[in-house]
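Data first, discussion second: the structure below is written as structure tokens.
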Amino acid sequence: MNRIRILTTLAVLVCLAAAGAPTLATTPAAAVSVPAATEAPTCEVDLLTFGGFQVVISVVNTTTAPLTNWTVQFTLPTSSRIESRFNGTITRNGTTGTFHPASWIATLAPGAEATVGFGGSGTAPTAFALNGMPCTSV
């Protein structure tokens, strides 16, 4: 088909569609999967132990509103030490630790994800929760 014929055919199809006339159905090349919105954001924890521990936490805002002021709480024996962290800061009160995200990821838009983490020595942390909701382990 030459270029003029293609453009003419396209114009006719657009006019027919605008007029409500039935047109040829096409099959999309690939389906796009969009995660369904949920009532609460999700949190996954990947914990590695090797004489110490390394924790990687993924937080995904699966809601339809921005996620602000989020933190991840965890339990850590007082004898364990946190020696490194990335994308945030950690506060401790006895055996309760709280990870506070860095300013550039403190607000997550709907569908956005942040990865944070920390490492240390001693017994590994347990009982991770995002704003009080339990995280899943991967």
For Ser121 and Phe50, extending 7 Å from Cα along the Cα-Cβ vector and measuring point to point gives, in nm, a value of 1.6
Table column - 3J(HN,Hα) (Hz), segment 51-58, Karplus curve with 6.51, -1.76, 1.60, x for Gly and Pro: x, x, 8, 9, 10, 10, 10, 10
Tell me the net charge near Thr136. Cut-off is 11 Å between Cβ atoms, Thr136 excluded, with +1 for each Lys or Arg and -1 for each Asp or Glu. -2
Any number yet on Rg/Rh for segment 42-137, C-alpha, Kirkwood? 0.96
So who's got an amide H within less than 5 Å of the one on Arg85, skipping anything under 5 residues away but keeping other chains? H placed 1.01 Å off N, in plane. Gly119
At R0 = 22 Å, how high is the FRET efficiency between Thr89 and Asn69 if r is their beta carbon distance? Nearest 0.05 is fine. 0.95
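Quick note: the coordinates plus some simple rules give every number you see, no bench work behind them. Given the structure is predicted, the values throughout are model-derived calculations rather than measurements. Every residue, glycine as well, gets a Cβ built from its backbone with ideal geometry; the counts of neighbours run over all protein chains shown.
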